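Just below is one structure, and these are the notes that go with it.
Readers should treat all values here as calculations from the given coordinates under stated rules, not as data from a laboratory. Keep in mind it's a predicted model, so treat the numbers as computed, not measured. Cβ: placed from backbone, ideal geometry, glycine included. Neighbour counts: every protein chain shown.
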Amino acid sequence: MKIQLTAMLISLLLLSCNNRRKTNQVQTGNASPDTGVARKAEANNSTVENTMVPADTAAVGSPEAISEDQLNKAEVSMKDSLIWLAANMRLDHRIFGYEKPDTNSKKMILLSIFTSDVKGNPYHCPYGSFYETNEMDGLQLKFVSDGDKFIEVKVKKEEAVLGRVFIDKKWIDFE
């Protein structure tokens, strides 16, 4: 009887410790790369103020999110619809181009201020990872259409269309 009671208490203790670790991850913003802080908070029936960019844009191996007031957004030129972004060391950016208009789809291209995101292309983006659009080895990003949450973008090289990607609108400003 004592052994059964002890086993139950140990099991209960282990389960409660595991739930506490998950709660701490939500509160400190330590979410996995393809889930947002807000979604984890909703799943745990708690509230977390959404002042950070969702963790779907977090760096590989890095739990840090980007503060909304420190975002560097890419701009769409109204003249030629080209998208450009100049790196600014005081503002952060981590902009993915996805295969589909869904953050869970394959990451095709990345523009990021973080060396850990760019060096060695850790996300294995087929079009590459870059600090800014001027460093894209002749690639150009051209705005095609505007959707609810994403914009559609052509990836071009020397006027040849290599493919299309979808970029979350929160990262885009229209000039």
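Once both labels are positioned 7 Å from their Cα atoms along Cα-to-Cβ, the gap between SER145 and GLU175 label points is 2.4 nm. With 23 Å as the limit, write out which pairs from LYS79/LYS107; LYS100/LYS156; LYS79/LYS106 have Cα-Cα distances beyond it, or answer none. Cα-Cα > 23 Å for LYS79/LYS107; LYS79/LYS106; rest within. Note on LEU71 and ASN104: their simple-model spin labels are 2.3 nm apart, each label 7 Å out from Cα toward Cβ. Extension gain for LYS79-GLU158 works out to 26.6 nm (0.36 nm per residue, less the C-alpha to C-alpha distance).
Principal semi-axes of the equivalent ellipsoid, √(5λ) from the alpha carbon gyration tensor of region 71-174, are 18, 15, 15 Å from largest down.
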